[in-house]
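Inspection log for the structure reproduced underneath, given as structure tokens.
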Amino acid sequence: MAHVRAHTLTTVLIVENEAIIRLELADQLRDMGFIALEAADADEAIALLESCPGISVMFTDVTMPGSMDGLRLAHHVRLRWPPMKIIVASGKVDAQLAALPEGSIFLPKPYRPEALAEALKSAPRQRKRTPAPRL
């Protein structure tokens, strides 16, 4: 397993509707020294982002049920919380992925822990996020 120690306790929000995948990813991130928060869909993710201003990275799957898929969530988060580091993962590469929000990273599934570690290291550094105003 790849080990990347976070220099500070970086909080990563995992948005994945498959519980087993979400739990495994959370364990991997914790082993790397990150704080991992979990959401099963976009609505849960937005609620966590509104209530936890310390989140600095969002990792989202593209395909998930609910009010929006991961790609739409990524665009919503980029507009509402511009400094957020965003990693988008999918097993299906299609034309929509060319339209990822600026500064986002795409991670094709299946990915190895080393690829996740590299994506977390290469995610553009952003200034500290401040809570977004309620819309």
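List of remarks:
- Annotation: amide H-H contacts under 5 Å for MET58 (H modelled 1.01 Å from N, sequence separation of 5 or more, or interchain): LEU13, LYS85, ILE86, ILE87.
- Around the amide H of GLU38, modelled in the peptide plane, lie the amide H atoms of ILE14, all under 5 Å away and 5 or more residues distant in sequence or on another chain.
- ³J(HN,Hα), Karplus 6.51/-1.76/1.60, whole Hz, each residue of the range 44-54, x for Gly, Pro: 5, 4, 5, 4, 5, 4, 6, 9, 10, x, x
Each value in this text was obtained by applying a stated rule to the coordinates, not by laboratory testing. Since we're looking at a predicted model, the values are computed, not measured.
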